[in-house]
């Protein structure tokens, strides 16, 4: 009986020993283990901060609204409120069909003060860094070297957005959005560029219109990227000219036709400004404080525009209400 138990015990020990030997013979060092490969292909799909900001603000068709601010636009002039940025946002609140568009606005800050204000308001924000720190903080005197440099930095940034495949409306922050411009802009996707004018000559196809780069809608494609690249490169031979003047000269020389761009020049009846007022408040979509140099002057005049707009809407609603009462009676 004891012999039988010992035999079973010895057999078990032998089996365990053989199994251990087999395992040791088949074992391979961990250095041969194929680790997951984190190659450059993986890093190529990592999105930078700008791409994430654009995706967040984008509409379904990769269209965004771009506004650029600095400290001068978010702080009061002579301690008087509202600021320019306040008025810009108030336009979206008071306008027709514009409130939801705030979700599609990417506010690009040229300095840290402006960026902090944007984040405080819970908007879509992106901090555009300049060489040498906050070089673009504060108001830049119109046509000063700093002003011109800031405008070219803006152009280069917008070129980057086009290269990323995004269509966009660029709007200066001294533009009041009183109606949704997408309802007025041409939905014809063959138009590469639709740009506002200081003075509209009555022909939306005429390159003799005086353009204004404070408001335009542009689609991303090879033609528009080439236009912006040409525009930016021309700065080297355009000392003392702001970026709008340089583009104006390029248009006069036929750059739009040379690159094959289909362009529409916007009627001031709908996209107006202080250079040329709209003749019909019932049709106007945007009001630009162009032909007005200082931020303080712009704020004063735009406050009046917004006040008159609100009054006109109250009157319009009263007329509608009165007609409805008459119809019921």
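For region 233-261, the tally of residues that are under 24 Å from the mean Cα position of the chain (by Cα) and surrounded by fewer than 12 Cβ atoms within 10 Å (Cβ to Cβ) stands at 1.
Among the residues making up region 280-317, those that are over 17 Å from residue 94 (Cα atoms) and more than 25 Å from the chain's Cα centre (by Cα) are 280, 297, 300.
Condition check ((1) touching a residue at least 24 places away in the same chain (Cβ under 8 Å); (2) assigned to a helix (DSSP H, G or I); (3) out of contact with any helix residue (DSSP H, G or I) (no Cβ under 7 Å at 6 or more places or on another chain); (4) closer than 29 Å to residue 184 by Cβ) across all residues:
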| position | (1), (2), (3), (4) |
| --- | --- |
| 231 | yes, yes, no, yes |
| 236 | no, yes, yes, no |
| 240 | yes, no, yes, no |
| 245 | no, yes, yes, yes |
| 249 | no, yes, yes, yes |
| 272 | no, no, yes, yes |
| 275 | yes, no, yes, yes |
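Evaluating residue 272 against the criteria (1) in contact with a strand residue (DSSP E or B) (Cβ under 7 Å, 6 or more places away or on another chain); (2) farther than 25 Å from residue 69 by Cα leaves one unmet condition, (2). Scanning region 251-270 for residues that are under 30 Å from residue 179 (Cα atoms) and either without any contact (Cβ under 8 Å) to a residue 24 or more places away in the chain or not in a loop (DSSP other than H, G, I, E, B) (or both) yields a total of 5. Remark: residue 236 falls outside the filter, which requires a residue to be out of contact with any strand residue (DSSP E or B) (no Cβ under 7 Å at 6 or more places or on another chain), farther than 23 Å from residue 305 by Cα and at pLDDT 95 or above. Going through (1) buried (at least 16 other Cβ atoms within 10 Å of the Cβ); (2) out of contact with any helix residue (DSSP H, G or I) (no Cβ under 9 Å at 6 or more places or on another chain); (3) without any contact (Cβ under 8 Å) to a residue 60 or more places away in the chain one by one, residue 179 falls short only on (3).
When 92, 85 are checked against the criterion of being crowded, with 18+ Cβ neighbours inside 10 Å and farther than 22 Å from residue 313 by Cβ, 85 stands alone in meeting it. Going by the conditions given, is residue 212 surrounded by 16 or more Cβ atoms within 10 Å (Cβ to Cβ) and either closer than 30 Å to residue 309 by Cβ or at pLDDT below 95 (or both)? So residue 212 passes the test.
The values are calculated or read from the model by the stated rules, or taken from the named source; none is laboratory data. Quantities reported herein were computed from a predicted structural model and do not represent experimental measurements. Cβ sites come from the backbone with ideal geometry, for glycine too, and all protein chains shown count toward neighbours.
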